[in-house]
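For reference, the structure is listed below as structure tokens.
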Amino acid sequence: MSAGAGQMVCVGDELPSLEIEITRTLIVAGAIASRDYQDVHHDAELARQKGSPDIFMNILTTNGLVGRYITDHFGPTAVLRRVAIRLGVPNYPGDTMALTGTVEEVTEVEGEDAVGKTVTVRVVGANGIGKHVTGTVTVTVPGGADGLGRS
């Protein structure tokens, strides 16, 4: 998925979609990894008692998946500077979330220690019932003639 050498990044560019299967294991593991022990993220019966049809993904897991989507595209030298997301409909087990992104802004970065680009991407993650996550991610991609961390 990484942007190829020599490829320029421009406002309006669309990133390739990334589909993520929402499994029970992903939901529970993400909650445990982020120390979010709320029962709605691991106990289906208690989630139902609280009005949800099943367990659902927490925002920290979603945040991590959005960050992964961006760094997978821009490569290992990319540095996330800002991730601003808002949750919509839940991610339930058995669904698939498709992450998409559109470049909104590109700024040249030139300083003593850095040359590259800062890129802001509008991200949407949709599943079978609607938009799970929307927001923007700002990433700095250092070095290289193409501004994507490559020479």
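The values are calculated or read from the model by the stated rules, or taken from the named source; none is laboratory data. Remember, it's a predicted structure, so these values are computed and weren't measured experimentally. Note that each Cβ is placed from the backbone with ideal geometry, even for glycine, and that neighbours are counted across all protein chains shown. We work out accessible area using only protein heavy atoms, side chains counted, and drop any ligands, DNA or RNA first. Shrake-Rupley method; radii C 1.70, N 1.55, O 1.52, S 1.80 Å.
Just to check, using Stokes-Einstein with a Kirkwood Rh over alpha carbon pairs, what's the diffusion coefficient of segment 89-141 at 25 °C and 0.890 mPa s in µm²/s? Don't skip to the end; give the middle numbers.
Details: Rh = 12.7 Å.
This corresponds to a translational diffusion coefficient of 193 µm²/s.
Order MET8, MET57 by their accessible area, 1.4 angstrom probe, all chains in place, largest first. Don't skip to the answer; put the middle values down first.
Details: MET8 100, MET57 5 Å².
Ranked from most to least accessible, the order is MET8, MET57.
Between ILE59, ILE85, ILE32, where does the largest GNM mean-square fluctuation fall for the chain, given springs only between Cα atoms within less than 10 Å?
The residue with the greatest mean-square fluctuation here is ILE32.
Which of THR140, THR62, THR25 moves the most in a Gaussian network model of the chain with Cα springs under 10 Å?
Highest fluctuation among the options: THR25.
Check ASP95: other-chain or 5+ apart residues with amide H under 5 Å from its amide H, H built from backbone geometry?
HN-HN under 5 Å from ASP95: ILE22.
Using a probe of 1.4 angstrom, how much of the accessible area of the chain is carbon and sulfur, in percent? Numbers along the way, then the final one.
Details: 4090 of 7860 Å².
Using a 1.4 Å probe with all protein chains present, the chain comes out at 52 percent carbon and sulfur.
Amide H to amide H under 5 Å from GLY75: which residues, 5+ apart in sequence or cross-chain, H placed 1.01 Å off N in plane?
Placed amide hydrogens put ALA3 under 5 Å from GLY75.
By how many degrees, 0 to 90 and rounded to 10, does the Cα axis of helix 24-33 deviate from the longest principal axis of the chain?
70
Only one of the listed values, (i) 34, 14, 12; (ii) 23, 17, 14; (iii) 33, 20, 10, was derived from the coordinates as semi-axes √(5λ) of the Cα gyration tensor in Å; which label is it?
(i)
Just the accessible area per residue of the chain, please: how many Å² with a 1.4 Å probe?
Details: 7860 Å² over 151 residues.
Per residue, the chain has an accessible area of 52 Å².
Rounded to the nearest 500 deg cm²/dmol, what is the calculated helix-only ellipticity per residue at 222 nm for the chain, with -39500 (n - 2.57) per DSSP H run of length n ≥ 4?
Numbers: 3 runs with 32 residues, N = 151.
Per the formula, -6500 deg cm²/dmol.
In degrees between 0 and 90, to the nearest 10, how far off the longest principal axis of the chain does helix 59-74 point, with axes built from Cα atoms?
For 59-74 against the chain, the angle is about 30 degrees.
Determine the dipole magnitude for the chain: charges of +1 sit on the beta-carbon of Lys and Arg, -1 on that of Asp and Glu, nothing else is charged, the reference point is the Cα centre, and the result goes in debye to the nearest 20. Spell out each step's value before the answer.
Values: 12 positive and 18 negative charges, 68 e Å.
Dipole size: approximately 320 debye.
Have a look at THR23, THR100, THR120 and tell me which one the Gaussian network model of the chain (Cα, springs below 10 Å) gives the largest fluctuation.
Of the options given, THR23 has the highest mean-square fluctuation.
Take ALA29, project a point 7 Å from its Cα along the Cβ direction, then tell me which residues of segment 44-59 have their backbone nitrogen under 19 Å from it.
From segment 44-59, the list is 44, 55-59.
Sorting PHE56, PHE74 by accessible area (1.4 Å probe), largest first, what list results?
Details: PHE56 55, PHE74 0 Å².
Order by accessible area, largest first: PHE56, PHE74.
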